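Here is the structure we will look at, set down as structure tokens.
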Amino acid sequence: MFKLKNLFIKLSIIAIAILLCGNVFAANTEDVKQNIIKQAKAIGVEPAIVLSIAKTESGFNQSAKSASGHIGVFQLSHSTAKHLGLDPYKLDDNIKGGIIYYKNMYDRFGSMELAVAAYNSGPEAIKRNGNVIPKHSQRFVSKIMNDYKNYKGMGI
């Protein structure tokens, strides 16, 4: 009986710890989303589109790092961050860099879809493909645009 009671207590403590960690992560995710919305508005970019990019790139996780070395919420490369004068390891800089990079792509290509494709595969890939979304970026663009519509439907 004592062993069963002891096991129950240990499992209860583990369950509480998991719940608490989940709530901390959710709060951080919400803070990241609010930061993205605030910076998007300040930079003059529609928040829904950059929220969609961040969701797909990292799930709003600043600790995310890709196999190719891209970093943070917006999965910035070192070279992109350096070009923008930002530190991709700092949350605010990563968000600002991702939004500015998207805006630059939008200004260059004139459509959300092409800007998102350029965000994914680089502007030169779009240019080489005759300003058409490359096949390897089509699924990425489709996911972003679906999330964008969902965020817009929520009033963001």
Could you tell me which of Ile99, His136, Ala118 has its Cα farthest along the dipole of the stretch 84-156 towards the positive end, charges placed at Cβ (Lys, Arg +1; Asp, Glu -1), taken about the Cα centre? His136
Going by how many other beta carbons lie within 10 Å of each one, how would you line up Ile133, Ile95, fewest first? Ile133, Ile95
Work out, step by step, the length gained on full extension between Asn61 and Lys149: first 0.36 nm times the residue separation, then minus their alpha carbon distance; give nm to one decimal. 29.5 nm
Neighbour counts of other C-beta atoms within 10 Å: give me Ser52, Ser142 arranged from fewest to most. Ser142, Ser52
Arrange Leu91, Leu76, Leu114 by Cβ neighbour counts within 10 Å, fewest through most, would you? Leu91, Leu114, Leu76
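Every read-out reported here was derived from the displayed coordinates using simple, explicitly stated rules and does not represent laboratory data. Worth saying up front: this structure is predicted, and the values here are computed from it rather than measured. Note that each Cβ is placed from the backbone with ideal geometry, even for glycine, and that neighbours are counted across all protein chains shown.
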